[in-house]
Amino acid sequence: MTLEHTNATGLTVERDLTVARRRRNRIRYHATQLAVVVAALALVVLFAVAVKEGLARHGIKFSFSFLWDAAGFDISEGKTFVFDSGFWLGFSDFTSDRSIAQAFVAGIVNTIKVAVLAIVLSTVLGTLLGVGRLSTNWVVRNLSFWCVEFVRNTPLLIQLVFWYFAVVLHFPPIAAAAKFYGVIISQQGLYVPALTWQGEGSAVAIALASACWVAVLGLVFDRHRTTRWICLGALVALPSLMLATGTLALDFPVASKFQASGGTSISPEMAALLLAIVFNSASYIAEIVRGSIDALPKGQWEAAASLGLGRRDTVNDIILPQVFRVVLPSFGNQYISLTKNTALGIAIGYPELFNIYGTIANQTGHSLEGIVIVMASYLILSWIISAAVSWADRRLSNPGAMR
Amino acid sequence: MNFKHILMAGTFAGAALVASHASASVLDTVKQRGTLNCGTDNTAPGFGYLNTTTGQMEGLDVDFCKAIAAAVLGDASKVKFVTVTDKSRFDAVLTNQVDVVFAHTTIKPARESSIAIDFLPINFYDGTGVMVKTESGVAKFDDLDGATFCTTQGSVTETVLTSAFKARGWTASKVLTYENLEKLFAALNSGRCNAMSTDKSALAAWAGNSPKPADYLILPDTLDKSPFGGFVVANDSRWRNALRWSSYGLFQAEESGISQANLDEKLKSEDPFVQKFLGVGGGYGKDFGLPDDFVAQAIKAVGNYGEIYARNLGPDTKMFLDRKGTPNALWTEGGAIYSPLWN
């Protein structure tokens, strides 16, 4: 901003000059911004053109049309969106006659599946470990400490290979698998009975199912503790009633020669990836939680003690609620890095996005287009996570929203 | 335009490297550099692997690298082996990281049409096979309905298996893909995979190198043919021709009975064809931009095709792959190893 000498000829002149100067400055400010944006855009476009030209010179075509070709390969597990029944968007198993685009979707779905489960499980386990490290119990404290130290100080890839080859693949083969109450644990996967809908279109069945949903919503969103207990009770009672009346049935897995069919299953690859990521991420989350608890003023503990609260009540009602408001942004970072770490699934053959990309790039030769899609997908996933975390952060920071 | 080039060089180093040498042939680059960068596998016994007792790279593909170095540079030791994987091998050539790749690569149209590479003559005829553990009691491919098959990522086997399932109407069978053969073999041993599927030569190698080869059974079925060839970057005829005819030279040498052992004797031969073939008093090399004695140099370094095969894959090796009655025999013996006419 330049200083201008104004001779004091009158107030109006001075005001006009000030207004003009401000306008000029504002225009200059916006012009600079615009110029920077235009220059950045031009650089990106120029870069894209240069790359495309360079590729064309080697006879490599840069085009996304291969996405609609038939895949021609199988994926060991994975669901994708399908348009079989006309207008409705379906969701079913990937098969080799689906398109390449649907293979990408199957990979993204597999990535999200592991990421969501890992986020939930590692938050719970990490918080337990973090609180455990500050426990007054010597055994719990040291156990938590060594778990965290051991996991944090070895590479994730090596932990993953360990979980897969040294643990999960040492489960018994399907012929000698451990079976109890319909659960089959074998090296071909973990099979559990699944609930299947038998109610067809009967009004009673639909009413019961809707009641279940209301109970779930109530459990999550209602502010009154009593209402939530009632919802929880309803969630136990209603499905039991539906099972008894036969609108819901249990589908038990049945072991055959090579694998089991029926029920739902978790493949050994997914189990190993989940174990590795949950333990790894939990140990970092534990450190975040421990650090935040340590950072709380000692007076919080003393005040709780002077009110006569026990240790458990102090942690649950005084310490953790304050901790969670502080740690959420750090948790967000952890969730994002966890989601990106799922790409290590390629090391043990879990068909997540990066693994599927490898197959697609090799079968079609379009590795550059593929990596663009992969990068965009991870970028969007990370954005969604950080948006969700900052939403939760805002909600928690708002005193009125606190329970 | 110049600015664009600088930009490209800074940000897309691989492509820029090729671009600045767009007009020059790899042949000139190799001769100028004085060494050949050859991409090979180092985990495929019989084709390209590091012999841990001698510390040397060995295999059919490795010998082809040496033969090319001898033909182009006159010295088989002027080859630098760059390890490539099933996934990285194409990018390695496209970015000029290597001059040529010999890495048991199956020749198929999509690879030439969309990856901008050109293949060299077939140097081994393989087929996709399936291996199971003997204790599983499986005797043929059709016993495996519902089984989990494992293969490596980036190989044609992925699509071959899918087609085989479709043809038989199998829906429960699954394909698991691993990064490399080591993990694949470990998964077969642990029981996660009911069957391991890849090229038969690789199956033979892994079974042969295991502590108890009798524990494994390679099923008689061949799911698909799998011809191997080296490859170079596309649209470089001078380089490709030099390499093609160096390879054919190895085939022709076997047909004409010229071997590493009798090379010195053959160099003195009065036969005009042998003289010209070996570059005694003028040969075929000059027009390709190669020394006239390029075939003789290659034979001196690694021997003819038959010798290369016997050393790396034949019945005297752990691979135990007999040429007789397979396409890998010379055409004069009913095989498919065939060189075009040299005269």
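The values are calculated or read from the model by the stated rules, or taken from the named source; none is laboratory data. Here the structure is a predicted model, which is why all the values come from computation and not from measurement. In this analysis, Cβ positions are derived from the backbone assuming ideal geometry, glycine residues included, and neighbour counts consider all displayed protein chains.
General observations
- Scan of region A:248-263 for residues that are within 11 Å of chain B (Cβ to nearest Cβ), part of a loop (DSSP other than H, G, I, E, B) and touching a Phe, Trp or Tyr at 6+ places or on another chain (Cβ under 6 Å), ordered by number: none
- For region B:170-186, the set of residues classified as part of a helix (DSSP H, G or I) and at the interface with chain A (Cβ under 7 Å from one of its Cβ atoms) consists of B:Ala186 only.
- Count of region B:290-304 residues which are within 15 Å of B:Arg244 (Cα to Cα) and of a type in the set (Asp, Glu): 0
- Enumeration of residues in region A:153-178 that are of a type outside the set (A, V, I, L, M) and either closer than 24 Å to B:Leu176 by Cα or surrounded by 15 or more Cβ atoms within 10 Å (Cβ to Cβ) (or both): A:Gln159, A:Phe162, A:Trp163, A:Tyr164, A:Phe165, A:His170, A:Phe171, A:Pro172, A:Pro173
- Residues within region B:160-169 that are buried (at least 17 other Cβ atoms within 10 Å of the Cβ) and more than 10 Å from every other protein chain (Cβ to nearest Cβ), tallied: 1
- When A:Ala276, A:Ala272 are checked against the criterion of being within 14 Å of chain B (Cβ to nearest Cβ) and buried (at least 16 other Cβ atoms within 10 Å of the Cβ), a single residue qualifies: A:Ala272.
- Tallying residues that are in a helix (DSSP H, G or I) and either surrounded by fewer than 14 Cβ atoms within 10 Å (Cβ to Cβ) or over 34 Å from the mean Cα position of the chain (by Cα) (or both) within region A:53-77 yields 7.
- Of the helices (runs of 4 or more DSSP H) lying entirely inside region B:199-307, those containing at least 1 residues that are assigned by TED's automatic domain parsing to the domain that holds B:Thr43 and not aliphatic (A, V, I, L, M) span B:237-255, B:263-267, B:272-278, B:294-302.
- Qualifying residue in region B:197-216 (condition: within 21 Å of the chain's Cα centre (by Cα), closer than 26 Å to A:Leu160 by Cβ, crowded, with 18+ Cβ neighbours inside 10 Å and within 13 Å of chain A (Cβ to nearest Cβ)): yes
- Matching residues in region A:166-178 - criterion: being out of contact with any Leu (no Cβ under 8 Å at 6 or more places or on another chain), in contact (Cβ under 8 Å) with a residue 12 or more places away in the chain and either among the charged types (D, E, K, R) or not in a loop (DSSP other than H, G, I, E, B) (or both): A:Leu169, A:His170, A:Ile174, A:Ala175
- From the list A:Ile346, A:Ile336, the lone residue that is in the same structural domain as A:Ser390 (by TED's automatic domain parsing), at pLDDT 90 or above and more than 23 Å from A:Ile285 (Cβ to Cβ) is A:Ile346.
- Note on region B:146-159: residues that are within 8 Å of chain A (Cβ to nearest Cβ) and more than 24 Å from the chain's Cα centre (by Cα) amount to 3.
- When we screen A:Leu232, A:Leu238, A:Leu243 for residues that are in contact with a strand residue (DSSP E or B) (Cβ under 8 Å, 6 or more places away or on another chain) and assigned to a helix (DSSP H, G or I), the only hit is A:Leu243.
- The residues listed here are A:Leu129, A:Leu208, A:Leu143, A:Leu195; of these, the one that is touching a strand residue (DSSP E or B) at 6+ places or on another chain (Cβ under 7 Å), more than 13 Å from chain B (Cβ to nearest Cβ) and either closer than 25 Å to A:Ala260 by Cα or part of a helix (DSSP H, G or I) (or both) is A:Leu195.
- Residue within region B:265-283 that is crowded, with 20+ Cβ neighbours inside 10 Å, without any contact (Cβ under 8 Å) to a residue 24 or more places away in the chain, more than 19 Å from B:Tyr125 (Cα to Cα) and touching a Ser or Thr at 6+ places or on another chain (Cβ under 9 Å) present: yes
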